[in-house]
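Q: Handing you this structure, nothing more for now.
The values are calculated or read from the model by the stated rules, or taken from the named source; none is laboratory data. For clarity, every value in this text was computed on a predicted model and none was experimentally measured. Here the Cβ is made from the backbone with ideal geometry for all residues, glycine too, and neighbour counts use every protein chain on show.
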């Protein structure tokens with residue numbers, strides 16, 4: 001039977017052009033109506049080091065980048081040897097045979113070698129070593145029986161009119177690779193169900209977060225460069241003229257968040273983005289946003305910790321950091337988006353909650369979610385912007401109470417410049433007017449009242465959140481529990497379980513704060529539970545026990561820096577049931 | 001009502017300042033109030049931002065919007081307010097510990113940006129609110145609770161730092177000369193770009209060395225010496241005078257484009273006034289890049 005799904009890995013050294021080859025292949029697939037998911041495994045090295053990019057494409061939605069590889073494009077000898085073990089029997093390696101000499105003893109005999117004598121193939125066209133990628137891509141398009149003209153268009157768009165010569169060279173080289181494969185390489189039985197009329201968007205989690213912020217009307221974004229959040233800064237900067245957003249790289253994350261609080265205080269929707277280290281520096285000011293009731297969206301794209309940790313690897317170990325961010329008690333919302341699509345909607349939701357309840361909202365992404373590319377069906381662009389209650393006119397009693405006591409705890413906000421609304425926003429404890437009651441004018445009764453007012457907002461946030469969803473059968477032998485970017489890989493595992501008639505269901509927790517009451521009920525009616533988390537200590541598991549008293553029975557933790565693989569989840573579940 | 005001319009009392013709140021009797025900060029407050037009165041700026045268009053420290057309590061005593069934030073972070077918040085709405089008059093305030101110690105990095109970077117705001121630092125060369133430790137502007141050898149054998153560090157020179165960091169109005173006032181201080185403050189508020197007013201503001205409780213008398217014996221006015229405020233080199237020379245003679249007045253001023261002038265995001269007016277009814281369409285258009 002023909003294969004309808006393909007997994008490609010491009011492996012080489014940093015600086016070899018792997019990302020652009022991968023992106024080109026991704027576009028070729030997505031413009032052919034295919035779904036895809038791509039993951040880039042790299043190191044914090046600009047040149048050298050080893051990296052690979054893996055793309056899985058199919059006419060059906062794919063949820064992971066796959067484990068085993070159908071085609072490997074190896075760009076150097078070392079990566080040839082390192083990666084050939086991950087190829088499925090019947091799979092193939094494409095490589096520049098001028099440079100790479102396979103050691104046949106080390107290669108499984110079921111793997112098909114596809115040598116590409118690049119020098120000879122492109123001898124009439126050009127000499128740039130990076131052209132070997134284009135040769136291989138051209139050959140691969142032939143082996144997969146994909147449309148050459150579609151590839152040519154991707155190349156044309158990539159180089160654009162400004163780089164006419166490079167575009168011409170790459171077009172010729174890709175055709176040469178394509179023709180070489182046609183005449184010299186074996187045939188493979190792939191039948192990808194393409195549809196050239198159905199072009200899908202492909203984007204990363206960070207791009208979806210950024211796009212979400214544009215839809216939400218974010219007007220100020222500040223950041224300090226830090227992997228894996230930097231691409232938000234780059235992307236929003238590149239689009240700032242078009243969007244009218246002020247994008248500010250500041251001297252450190254402390255300045256970043258204080259600037260954003262200032263901009264938000266002045267009335268502009270504001271967001272900051274960072275990873276764990278920068279988030280640590282922002283911590284004090286998250287409390288400032290809480291205390292002054294200034295709306296703010298904070299993205300923490302988690303990477304491996306502690307300290308500098310694993311700068312280019314993924315982890316889900318900042319949950320407790322987010323929960324405990326800043327001294328004292330104050331209302332704060334924590335949302336963990338699960339997929340690229342969810343990144344878009346979660347950002348809009350975060351802005352609306354931040355404004356409506358005047359509090360900081362933390363979006364917990366991670367390196368895998370932030371950086372992997374995924375095809376999506378288009379988004380709903382009818383974004384609903386809810387800026388909450390805003391005072392636009394002078395209050396009739398001429399006494400504006402910025403922190404007025406109300407049934408919901410939400411006090412209508414005024415932007416500076418509005419007649420009759422002068423007030424003080426203070427990090428010190430204050431009364432309903434905003435006047436300081438911290439040291440000299442201590443007022444225990446007022447302190448209790450204003451604290452109650454702020455915290456009351458969380459009860460109403462809770463009511464606004466959708467009820468937690470249980471995926472799969474109600475009557476399961478085992479309930480999988482997860483948060484954040486593991487959603488997709490568990491979804492794929494769930495597909496396997498249902499094919500195998502294994503009674504498993506899945507509870508995915510998106511809102512970490514406020515903690516939703518529905519979760520306890522779901523867990524208490526489950527027969528057995530397994531938590532799946534990308535950290536060492538089981539932070540969500542502990543949070544669940546803390547909030548509900550419920551103890552999860554089984555655990556699957558991973559902290560090697562790589563995302564979860566379906567096989568790991570399936571094996572664990574099989575062990576349990 | 002807003003056409004009536006405003007009196008100094010219109011810019012005062014009902015809160016009584018918490019400073020010790022004789023504190024230099026009273027003169028700074030008076031300087032700000034009289035500058036606002038002279039300029040007849042609408043209270044509703046002014047935001048005073050501060051950090052933490054005795055002097056940072058000043059926001060509570062001025063009838064304008066106030067943002068009394070975290071220790072050392074007044075300048076980033078003030079910058080952010082300018083980004084959000086650059087029609088507002090923004091005054092950042094604080095002490096030497098706040099601005100030249102924990103917030104020193106922000107101070108330098110804000111000057112590099114030449115953001116149009118005024119930064120008034122009440123410099124008393126000691127930490128007052130925490131009861132008398134050495135501050136970044138304490139003289140070397142100064143005995144304090146945290147330096148019982150004398151401070152081992154050379155003091156920060158905020159004027160010199162300002163001159164080499166790109167601020168476009170750099171001045172020093174003295175609380176013992178309130179009318180001169182008010183004049184400098186007023187000029188700083190009308191200056192376009194980052195203006196620094198470093199104020200010699202004696203702490204009568206914890207600094208028994210740099211007292212009003214100590215300063216009176218040393219200060220002189222730059223304008224009396226016909227100092228050329230457009231000359232950076234002579235300003236740098238003046239910035240290094242201390243101990244024997246201490247200059248007050250304007251060291252340097254320049255007309256330069258501000259960050260707000262140059263940021264393309266602010267070309268269409270204040271961010272807070274930008275319409276939000278077309279954001280979805282904007283995203284829809286950008287989404288095409290991903291296909």
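Q: I want to confirm something. Restricting to the stretch A:422-457 and keeping residues that are in contact with a strand residue (DSSP E or B) (Cβ under 8 Å, 6 or more places away or on another chain) and outside any loop (DSSP other than H, G, I, E, B), which single residue is farthest from the other protein chains (Cβ to nearest Cβ)?
A: A:450
Q: Another question about this same structure. Quick check: anything in the stretch A:434-449 under 30 Å from residue B:129 (Cα atoms), touching a residue at least 24 places away in the same chain (Cβ under 8 Å) and not assigned by TED's automatic domain parsing to the domain that holds residue A:343?
A: Yes, there is a match, as at least one residue in the stretch A:434-449 is under 30 Å from residue B:129 (Cα atoms), touching a residue at least 24 places away in the same chain (Cβ under 8 Å) and not assigned by TED's automatic domain parsing to the domain that holds residue A:343.
Q: Right, next: Test residue B:232 against the criterion of being in contact with a strand residue (DSSP E or B) (Cβ under 7 Å, 6 or more places away or on another chain) and within 14 Å of chain A (Cβ to nearest Cβ), and give yes or no.
A: No: the conditions fail for residue B:232.
Q: Of all the residues that make up the stretch A:439-467, how many are at pLDDT below 95 and surrounded by 14 or more Cβ atoms within 10 Å (Cβ to Cβ)?
A: Residues that pass the stated criteria total 2.
Q: Then there's this: Under 7 Å between Cβ atoms, which residue pairs at least 6 apart in sequence (or on different chains) link something in the stretch B:41-68 that is at positive phi with a partner that is part of a strand (DSSP E or B)?
A: B:53/B:94; B:53/B:95
Q: Here is a further query. Out of everything in the stretch A:265-288 that is over 14 Å from residue A:229 (Cβ atoms) and more than 7 Å from every other protein chain (Cβ to nearest Cβ), what residue ends up being surrounded by the fewest Cβ atoms within 10 Å (Cβ to Cβ)?
A: Restricting to residues being over 14 Å from residue A:229 (Cβ atoms) and more than 7 Å from every other protein chain (Cβ to nearest Cβ), the top hit is A:283.
Q: Next up: Can you pull out every residue in the stretch A:238-255 that is more than 8 Å from chain B (Cβ to nearest Cβ), under 26 Å from residue B:103 (Cβ atoms) and assigned to a helix (DSSP H, G or I)?
A: The one that is more than 8 Å from chain B (Cβ to nearest Cβ), under 26 Å from residue B:103 (Cβ atoms) and assigned to a helix (DSSP H, G or I): A:253.
Q: Which residue is nearest to residue B:93 (Cα to Cα), if the candidates are limited to the stretch B:32-45 and must be away from chain A (no Cβ under 14 Å) and in contact with a strand residue (DSSP E or B) (Cβ under 7 Å, 6 or more places away or on another chain)?
A: So, considering only residues that are away from chain A (no Cβ under 14 Å) and in contact with a strand residue (DSSP E or B) (Cβ under 7 Å, 6 or more places away or on another chain), the one nearest to residue B:93 (Cα to Cα) is B:32.
Q: Could you list all residues from the stretch A:210-232 that are more than 7 Å from chain B (Cβ to nearest Cβ), in contact with a strand residue (DSSP E or B) (Cβ under 6 Å, 6 or more places away or on another chain) and crowded, with 23+ Cβ neighbours inside 10 Å?
A: If the condition is that a residue be more than 7 Å from chain B (Cβ to nearest Cβ), in contact with a strand residue (DSSP E or B) (Cβ under 6 Å, 6 or more places away or on another chain) and crowded, with 23+ Cβ neighbours inside 10 Å, then A:213, A:218, A:221, A:222, A:223, A:228, A:229, A:232 are the ones that fit.
Q: Looking for something modelled with pLDDT under 95, closer than 30 Å to residue A:454 by Cβ and over 16 Å from the mean Cα position of the chain (by Cα) - is there at least one such residue anywhere in the stretch A:469-483?
A: yes
Q: All but one of (1) farther than 20 Å from residue B:181 by Cα; (2) not in a helix (DSSP H, G or I) hold for residue B:44; which doesn't?
A: Result: residue B:44 passes all but (2).
Q: Scan the stretch A:527-543 residue by residue and report those that are touching a residue at least 60 places away in the same chain (Cβ under 8 Å) and within 13 Å of residue A:508 (Cβ to Cβ).
A: Residues satisfying the conditions are A:533, A:540.
Q: Of the conditions (1) crowded, with 18+ Cβ neighbours inside 10 Å; (2) in contact with a helix residue (DSSP H, G or I) (Cβ under 8 Å, 6 or more places away or on another chain); (3) modelled with pLDDT under 90, residue A:41 fails just one. Which one is it?
A: Unmet for residue A:41, out of (1) crowded, with 18+ Cβ neighbours inside 10 Å; (2) in contact with a helix residue (DSSP H, G or I) (Cβ under 8 Å, 6 or more places away or on another chain); (3) modelled with pLDDT under 90: (2).
Q: When you look at residue B:282, is it modelled with pLDDT of 95 or more, in contact with a strand residue (DSSP E or B) (Cβ under 9 Å, 6 or more places away or on another chain), in a helix (DSSP H, G or I) and within 14 Å of chain A (Cβ to nearest Cβ), yes or no?
A: Judged against the criteria, residue B:282 is not a match.
Q: For the stretch A:29-44, does any single residue satisfy the condition of being part of a strand (DSSP E or B), more than 14 Å from every other protein chain (Cβ to nearest Cβ) and without any contact (Cβ under 8 Å) to a residue 40 or more places away in the chain?
A: No - not one qualifying residue is present in the stretch A:29-44.
Q: Read through the list (1) facing another protein chain (nearest Cβ under 9 Å); (2) assigned to a helix (DSSP H, G or I); (3) closer than 22 Å to residue B:126 by Cα, then give the number of the only condition that residue B:49 fails.
A: Every condition holds for residue B:49 apart from (2).
Q: Next question. Where in the stretch B:52-145 are there strands (runs of 3 or more DSSP E), lying wholly inside it, with at least 3 residues that are more than 8 Å from chain A (Cβ to nearest Cβ)?
A: Strands (runs of 3 or more DSSP E) meeting the threshold: B:89-95, B:118-123.
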